[in-house]
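Chemist: Following this message is one structure expressed as structure tokens.
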Amino acid sequence: MVANSFLQNPVGSHVENGVLRLDDFGALFGNPALTASLPHVIAAALVTGGFFVVGVSAITSSSARPRSSSSAGRCASAWWRR
């Protein structure tokens, strides 16, 4: 994200003999493009991860495989069959 933000808005740098030189490494983290896009990417990653977990949970809970023989499993399955 830092590299992409730098390419969108190169802060803390100058052009010297046709080459872009970095002056201030700390300015990369204060880049306005980074502060706008980083929360968006973090939120998107959390939502995507949440949907993945919910999907795996739904597939796992709906599969027709035998339940464990623990008392909690018997109690839950007995409640479900009422």
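Chemist: Which of (1) in a helix (DSSP H, G or I); (2) more than 21 Å from the chain's Cα centre (by Cα) is the odd one out, the single condition Val11 does not satisfy?
Modeler: It fails just one condition, (1).
Chemist: Please go through region 14-67 and pick out each residue that is more than 13 Å from Val2 (Cβ to Cβ), in contact with a Gly (Cβ under 8 Å, 6 or more places away or on another chain) and part of a helix (DSSP H, G or I).
Modeler: Once the filter is applied, which keeps residues that are more than 13 Å from Val2 (Cβ to Cβ), in contact with a Gly (Cβ under 8 Å, 6 or more places away or on another chain) and part of a helix (DSSP H, G or I), region 14-67 yields nothing.
Where a number appears in this text, it was derived from the coordinates with a stated rule and is not lab data. This is a predicted model, so every value here is computed, not measured. When we count neighbours, we look across all protein chains shown, and the Cβ atoms used for this are built from the backbone with ideal geometry, even at glycine.
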